[in-house]
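These notes concern the structure reproduced below.
The values are calculated or read from the model by the stated rules, or taken from the named source; none is laboratory data. Keep in mind that this is a model prediction, so the values were computed, not measured. Heads up, the Cβs are rebuilt from the backbone with ideal geometry, glycines too, and the neighbour counts pull from every protein chain shown. Heavy atoms of the whole protein, side chains included, go into the accessibility calculation; ligands, DNA and RNA do not. Shrake-Rupley method; radii C 1.70, N 1.55, O 1.52, S 1.80 Å.
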Amino acid sequence: MLQIRVKPGIEDRIRGFFPWIYRPEIASYSRKPKKGELVVVRDFGGKFLGYGYINPDVSIAVRILSFDKKEPITPSLIKKRILEAYNYRKRLYINSNAFRLVHSEGDLLPGLIVDVYGEYAVVEFTTYGMTRFRDVVLEALVEILKPKGIYEKANLTAQKVEGIDAREGVVYGEVPEEVVIWEHDLKYLINIPEGQKTGFFLDQRNSRRFVRSLVEPGDRCLDVFCHTGGFALNMKKMGAERVVAVDLSELALEVGKRNEELNGLSGIEWVQANAFDYLRELDTKGEKFDVVVIDPPSFAKNKHAVPNALRGYKELCVRGLKVTKSGGYLAVFSCSFHITEQHLLEVLTEASYDVRRQVRVVAKTFQDKDHPWILQMPNTLYLKGVWVEVV
Ligand SMILES: C[S@@+](CC[C@H](N)C(=O)[O-])C[C@H]1O[C@@H](n2cnc3c(N)ncnc32)[C@H](O)[C@@H]1O
């Protein structure tokens, strides 16, 4: 098997369970590496550090799957990890039939995402190295979940970066275009082939639940970047009188409207607009809301994009604060690792100075627990939300 040695000083981080090795951190190779092959990682002196796979064409060249010398990467290790991920989810008592079964590094399976929607599973490979285990992964999913069907979703960004061959479609059994799942007491339509991510933002489950504690019957609520109405439906369910849901995607809004019907709700105002422009418009009209949720897409895919992203966040916070009434609540989310909780708090503080409103933090929420984060790997904590009361 290919062996690599890392440069002096890198070993401490790996012994601390950080599973990535960047290309410039590799001191030597036992031979020329091939894309996707397995590798034994050693420190500069030759001591064992872990087993991983390598892609010499990308910046994160090695991802480690095992830090245990007695546990090399084999098909049975991959199956064991998937089973462990499943058993972990069983203990979480997620009040839904949809959950993330495998969350990449969070489940010691870098490059693999598996989401379960009732009797169906959606699988996504985000690294070249993980695609070598495609068959083993599918076999394990069939054994553990006994699904009616499995759909493979092509992750276009990862394909471009990692050079994976694009595969999209049903890879086992049959998968209908739309699946209905339930979460707490609401149902959601999931369009697996056309929907964003694997079809739904499962990671916001706990925040969709939390918003209910802030909404009172008769309230006016605003769900900005609403997708298929996750927050809007929960607001309406709590008896909000007016709910405005804004998104740029026509498909997401269409599914949102059907979700509303599916749940016997009515009256949500679905608005197709650019959220930045729409918030400005609401402010110009002097509109005020009791509860405002702003859940934008990732504005910072890498650290170079952070300054621009922060300008975007500042604008959203200023607009959000302006349309929240006194005594009302505003939530702002970041789903990028690069925009940290500290960044969110800073832009919120700056925005509050600009609009001259005092804000009181009422809660912080994170990606739900089926999207585990590894303490030693900060990159696995990507979704953060800050909820404030605008005094
Ligand atoms: C993180 S998702 C929101 C998830 C949603 N809150 C939920 O719980 O399902 C971000 C959404 O922003 C939408 N979007 C992206 N850019 C936008 C823009 N400039 N204006 C409005 N919506 C936008 C996307 O279509 C996507 O639905």
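Please state which of the following conditions R89 fails to meet, knowing it meets all the rest: (1) on the phi > 0 side of the Ramachandran plot; (2) within 21 Å of the chain's Cα centre (by Cα). With respect to (1) on the phi > 0 side of the Ramachandran plot; (2) within 21 Å of the chain's Cα centre (by Cα), R89 is out only on (1). Has the range 266-277 got any residue that is of a type in the set (D, E) and over 26 Å from L348 (Cα atoms)? Yes, the range 266-277 contains a residue that is of a type in the set (D, E) and over 26 Å from L348 (Cα atoms). Note on the range 189-222: among residues that are under 19 Å from L265 (Cα atoms) and basic (K, R), the one that is nearest to the ligand (Cβ to nearest atom) is R208. Looking at (1) modelled with pLDDT of 95 or more; (2) within 12 Å of the ligand (Cβ to nearest atom); (3) open to solvent by 20 Å² or more (accessible area, probe 1.4 Å), which is the only condition A232 fails? Only one criterion in (1) modelled with pLDDT of 95 or more; (2) within 12 Å of the ligand (Cβ to nearest atom); (3) open to solvent by 20 Å² or more (accessible area, probe 1.4 Å) is unmet by A232, namely (3). Going by what's in this entry, would Y329 be described as more than 12 Å from the ligand (Cβ to nearest atom) and crowded, with 19+ Cβ neighbours inside 10 Å? Answer is yes for this residue. Residues that are touching a helix residue (DSSP H, G or I) at 6+ places or on another chain (Cβ under 8 Å) and open to solvent by less than 20 Å² (accessible area, probe 1.4 Å) within the range 177-188 comprise E183, L186, Y188, listed in sequence order. Under the condition of being in contact with a strand residue (DSSP E or B) (Cβ under 7 Å, 6 or more places away or on another chain), part of a loop (DSSP other than H, G, I, E, B) and more than 22 Å from D107 (Cβ to Cβ), the residues counted in the range 12-36 number 3. Can you say whether F225 is open to solvent by 30 Å² or more (accessible area, probe 1.4 Å), within 24 Å of F276 (Cβ to Cβ), in contact (Cβ under 8 Å) with a residue 12 or more places away in the chain and within 6 Å of the ligand (Cβ to nearest atom), as far as the supplied structure shows? The answer is yes for F225.
Looking only at the range 235-253, residues that are away from the ligand (no atom under 12 Å from the Cβ), farther than 13 Å from K187 by Cα and open to solvent by 20 Å² or more (accessible area, probe 1.4 Å) come to 5 in all. Going residue by residue through the range 275-290, is there one that turns out to be within 12 Å of the ligand (Cβ to nearest atom), open to solvent by 40 Å² or more (accessible area, probe 1.4 Å) and touching a residue at least 40 places away in the same chain (Cβ under 8 Å)? Yes, because at least one residue in the range 275-290 is within 12 Å of the ligand (Cβ to nearest atom), open to solvent by 40 Å² or more (accessible area, probe 1.4 Å) and touching a residue at least 40 places away in the same chain (Cβ under 8 Å). Of the residues examined, A61 is not one that is closer than 30 Å to G118 by Cα, within 28 Å of the chain's Cα centre (by Cα), open to solvent by less than 10 Å² (accessible area, probe 1.4 Å) and in contact (Cβ under 8 Å) with a residue 40 or more places away in the chain. Residues in the range 120-155 that are among the aliphatic types (A, V, I, L, M) and closer than 21 Å to T74 by Cβ: V123, M130, V136, V137, L138, A140, L141, V142, I144. If you go through the range 338-389 and pick out every residue that is part of a loop (DSSP other than H, G, I, E, B), more than 16 Å from the chain's Cα centre (by Cα) and under 30 Å from N87 (Cβ atoms), you end up with 2. You will find that of N308, N263, the residue that is more than 13 Å from the ligand (Cβ to nearest atom), without any contact (Cβ under 8 Å) to a residue 40 or more places away in the chain and open to solvent by 20 Å² or more (accessible area, probe 1.4 Å) is N308 and no other.
Let's see how each residue does on (1) aliphatic (A, V, I, L, M); (2) surrounded by 21 or more Cβ atoms within 10 Å (Cβ to Cβ):
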site: V122; (1), (2): yes, yes
site: G129; (1), (2): no, yes
site: V137; (1), (2): yes, yes
site: L141; (1), (2): yes, yes
site: A154; (1), (2): yes, no
site: V171; (1), (2): yes, no
